[in-house]
Ligand code: NAD
Ligand code: DAU
């Protein structure tokens, strides 16, 4: 057993998790960062090839719902903290298969809480259980207003209901067992390594391949977009400086109606791909709406700004251009994901 500060990051092979793991491994050479991931369709170790040999990094493949496995893991590493991101994360999939979301997001989180509670029994000082959640738990906004940390929960999709449930359990473990928890609820992330089922990488890929751009409903649904590395920086700050038992909203202060965002993507990619201006907009196709589609999300992030000094580092225009360029420069990564070849990586690397 080492004296190093050891953090368990769950879901570290996913989109946000991989950015967080990279940040922690590079910023804290004296820490030991353990990435636990089941490598579902959304988990991709190719997201982390640049740091996989770092001496302060370990990867463990496993499932947060498995009690004995998680107990062994806590015994093996004697974690000081947990940053919990592992989840089923795509709303459309939750509409098709809600139970999978209950299993991972609810049962998996409660299992993790139980295992941490047992492992830290009697000595919770200096420990931290950080639960990473979403703004979707607050429901849907009209034209006006913002979600604050006091907004009542009103989840409306199986995904957001499962995340809301997990948030409630995390708070219950704070109040009932004094588990030292902290929670954040973040808006939509964008950036490199996002699975191309989500709006932005899906649109970039379809524009690249000259395929139809499926916009749900009237396209006037609104999301507040945050650069993924800004989310990772906020998580780092909250893990180290957030108040135990508190919740922090994280957002980009950067609202876009979907159709405006898709137009913007088309224009940037026309420029980057050397197409005539307006060419990619011709690909836009309005399709059947998502059932129960939340109209608008927008975050009031003044608490984390005022208490911890966090603000988004870049605005959408710049972040979006960087994202589009990244997907064009990393067509191999995209192809690997789309063809399923990325799943062979683990077999090759860890056989
Ligand atoms: P993702 O789908 O890209 O990654 C999820 C990761 O969890 C994958 O690597 C997957 O293999 C792993 N995983 C799934 N089930 C598991 C299990 N049973 N055991 C262990 N690992 C498992 O998700 P993401 O977009 O990176 O989101 C990460 C977290 O942040 C989620 O909790 C999500 O609810 C939350 N969040 C996401 C966003 C967003 O815009 N993407 C915004 C706010 C909050
Ligand atoms: O708000 C945070 C949440 O953001 C996270 O908790 C989720 O994990 C993450 O998936 C994301 O949820 P959304 O449902 O907002 O993201 P998605 O990329 O699926 O869709 C963004 C918007 O674009 C939404 O209004 C639906 C619309 N859309 C999406 C797809 C995939 C389309 O119009 N066409 C599409 O093909």
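The values are calculated or read from the model by the stated rules, or taken from the named source; none is laboratory data. Keep in mind the model is a prediction, meaning the values are calculated, not measured. Ideal geometry is used to build each Cβ from the backbone, glycine not excepted, and the neighbour counts take in all protein chains shown.
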| task | Those residues that are under 23 Å from residue 103 (Cβ atoms) and more than 16 Å from ligand 2 (Cβ to nearest atom), I need them from the range 178-197; list them, please. | result | 179, 181
| message | Can you confirm whether residue 54 is more than 20 Å from the chain's Cα centre (by Cα), more than 16 Å from ligand 2 (Cβ to nearest atom), in contact (Cβ under 8 Å) with a residue 12 or more places away in the chain and surrounded by fewer than 17 Cβ atoms within 10 Å (Cβ to Cβ)? | response | yes
| Qualifying positions in the range 196-224 - part of a loop (DSSP other than H, G, I, E, B) and closer than 16 Å to residue 320 by Cα | 196, 198
| said: Suppose we filter 180, 196 for residues that are in contact with a strand residue (DSSP E or B) (Cβ under 6 Å, 6 or more places away or on another chain) and either within 30 Å of residue 114 (Cα to Cα) or at pLDDT below 95 (or both); which single one remains? | reply: 180
| Counting only residues that are surrounded by 24 or more Cβ atoms within 10 Å (Cβ to Cβ) and either more than 12 Å from ligand 1 (Cβ to nearest atom) or without any contact (Cβ under 8 Å) to a residue 12 or more places away in the chain (or both), how many does the range 183-203 have? | 1
| said: I'm trying to understand the selection: among the residues of the range 131-156, which are closer than 20 Å to residue 89 by Cα, surrounded by fewer than 22 Cβ atoms within 10 Å (Cβ to Cβ) and in contact (Cβ under 8 Å) with a residue 60 or more places away in the chain? | reply: 139, 140, 156
| query | Quick one: which of 13, 42 is within 16 Å of ligand 2 (Cβ to nearest atom), outside any helix (DSSP H, G or I) and either more than 19 Å from residue 73 (Cα to Cα) or free of Cβ contacts under 8 Å to residues at least 12 places away in the same chain (or both)? | reply | 42
| message | Kindly evaluate residue 268 against the criterion of being modelled with pLDDT of 95 or more, out of contact with any strand residue (DSSP E or B) (no Cβ under 7 Å at 6 or more places or on another chain) and either away from ligand 2 (no atom under 16 Å from the Cβ) or closer than 30 Å to residue 125 by Cα (or both). | response | yes
| request: Determine which member of the set 99, 113, 20, 48 is closer than 27 Å to residue 334 by Cα and more than 16 Å from ligand 2 (Cβ to nearest atom). | output: 48
| query | Of 83, 95, which residue is within 11 Å of ligand 1 (Cβ to nearest atom) and under 22 Å from residue 133 (Cβ atoms)? | reply | 83
| Enumeration of residues in the range 90-128 that are surrounded by 24 or more Cβ atoms within 10 Å (Cβ to Cβ) and within 16 Å of residue 163 (Cβ to Cβ) | 101, 105, 108, 109, 112
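Residue-by-condition table, conditions (1) away from ligand 2 (no atom under 15 Å from the Cβ); (2) in a strand (DSSP E or B):
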site: 230; (1), (2): no, no
site: 233; (1), (2): yes, no
site: 238; (1), (2): yes, no
site: 243; (1), (2): yes, no
site: 249; (1), (2): no, yes
site: 253; (1), (2): no, no
site: 256; (1), (2): no, yes
site: 259; (1), (2): no, no
site: 262; (1), (2): no, no
| request: Please state which one of 293, 240 is under 24 Å from residue 226 (Cβ atoms) and without any contact (Cβ under 8 Å) to a residue 40 or more places away in the chain. | output: 240
| request: Pull up the range 204-230, narrow it to residues that are surrounded by fewer than 18 Cβ atoms within 10 Å (Cβ to Cβ) and in contact with a strand residue (DSSP E or B) (Cβ under 7 Å, 6 or more places away or on another chain), then point me to the one that is nearest to residue 275 (Cα to Cα). | output: 212
| query | Which residues, counting only those in the range 21-39, are closer than 11 Å to residue 11 by Cβ and free of Cβ contacts under 8 Å to residues at least 60 places away in the same chain? | reply | 21, 35, 36, 37, 38
